[in-house]
Amino acid sequence: MESIGSFIVAVSDFVCGYPLFFLLIGGGLFFLIYSGFVPFRYFGRAIKSLRSSDSSKSGQISSFEALMSAIAATVGMGNIAGVAIALTMGGPGAIFWMWVSAIVGMATKFFEGSSAIMFRGTDDRGEVQGGPMYMITKGLGPKWKPMAVAFSIFGLIGTLCIMQANQLTEAVTATFTTPAGVENTLGLRFVIGLIICIIVAVVVLGGIQRIAKISAKIVPLMVGMYFLLVLYIIFTNLSEIPGVFADIIGGAFTPRAGMGGLAGIATVALVGARRAALVNEAGVGTASMMHGASKNDKPIKEGLVAMLGPSIDSGLVCTLTALAILIKGDYAVSGDGVKGLEIALNAFGAAIPATVTLGGITFKWGSLLLMVMVFIFAFSTMFSYSYYGVKCTSYLFGAKNGKYYNYFFLVMLIVAAMIPLKSAVSLIDLAYALMAFPTMITLFVLAPKVKREMKEYLKK
């Protein structure tokens, strides 16, 4: 079993390295240029599209709810722990490349959201559905169905929230139970996993409508709360801000100590861009499943709405985390597990050092408030990911059987709370990466059709 685990880790490290980087970042750059730089030219129109009503009788949720649900999935632990890890590996310069990735990710999401509406299909119940599996069969033709099946199979694994549940459990034990003198036993982790499972079950068993309604309320609230928290840190440390941005810009094109020349710069770029690409999920295909459920029959409008996602998750939220850590945090350490989260907690604690005692445990206000955000971010991801797995199951085994994935998903949350993480996460990361290949191939082939539709729509 150990050798199998090592093999999975090795394959995952390779596929999720330069192949995934060139596919998502290189592909996003192509879409950015091919679209005529749509994220820059039509950002305002995208905001306007978000506010307009949907007229289609097809679909289950509004465009706004689709966007909020997609953001709920992408704004998660990666926006906090992932940013800290990126800083540890690539230094401040990694943040610049996260910004670059966010911009090209917006272009990819535009094509993804547009294609999700242009090439919707119907399930075996006759209900309109969207996502890469339908984009493939309707856009490329029935002979491409094996690629749609492959996407769905990988989706069953890739959308399991193993990391979120495991790291949330680690955060609870490290922050609350261990300081309180409670031994970190398997039984304790089971109880924590069970509580996570129950909370998630209340939402996901209600279906896409309940997920969308909860997401539409929680996403603006959680992003707004996080913005205010970091804004306080910024205003209490204004003198540090010019130096922080100088470090980000300078570090983007300066090799870190121990790295040489262009290789060092490439490493920094790879770390930052990969992190952002995995956070915003542009080109992976998950968001298109959510946007394909929209009550919108205008593909380009949905594409414009979809492209707002990376600007919020990789652009705004990741930048907020980076600023807080760079102002007060010591990120020059390495580690695994929840080390990234620990770096962020320490940084926020240093920025807001006033203390409060709860249940006999003394917390710094900054660390406590960040933990609240961690809880909200982690659960929001779990809510939306369950829907993605249901969609993949429904495509493979029929719509009437799709709901059974939720029960498997919920059980795996409990399992995730108790298991060693490395091999499991590598397997999920590999599946996640393999979802991106059929999605991006499909988007490349369908791009001319989307561009023709875009020219007609934007004339209006």
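Before moving on, here are some points about what is shown:
- Under 12 Å, Cβ to Cβ, from residue 111 - net charge with Lys/Arg +1 and Asp/Glu -1: 0
- Net +/- balance of residues flanking residue 282 in space, Cβ distance below 11 Å, scoring K and R +1, D and E -1: -2
- Coordinate range along principal axes, alpha carbons of the chain, Å, largest first: 58, 48, 47
- Count Lys and Arg as plus one, Asp and Glu as minus one, and take only other residues whose Cβ is under 12 Å from that of residue 32; the net charge is then +2.
- On full extension, the segment bounded by residue 199 and residue 41 gains 52.7 nm, given 0.36 nm per residue less the C-alpha separation.
- Loop sites here are GluC sites (Glu not before Pro) outside DSSP states H, G, I, E and B with no more than 14 other Cβ atoms within 10 Å. The longest part of the chain free of them is 184-460.
- A quarter of the convex hull surface defined by the alpha-carbon atoms of region 40-184 gives 13.4 nm² as the mean projection.
- Taking chymotrypsin sites (Phe, Trp or Tyr not before Pro) in DSSP loop states with no more than 16 other Cβ atoms inside 10 Å as exposed sites, the chain has its longest site-free stretch at 38-252.
- Length-normalised contact order of the chain in % [C-alpha pairs under 8 Å, at least 6 apart]: 37 percent
- Radius ratio Rg over Rh of region 403-456, counting only Cα atoms, Kirkwood formula for Rh: 1.26
- Loop-located trypsin sites (Lys or Arg not before Pro) in region 347-404, at most 15 other Cβ atoms within 10 Å (DSSP): 403
Here, each number is a calculation from the coordinates, and none is a lab measurement. Note that this is a predicted model, so its numbers are computed, not measured. As a convention, Cβ positions derive from the backbone with ideal geometry for all residues, glycine included, and neighbour counts pool all protein chains shown.
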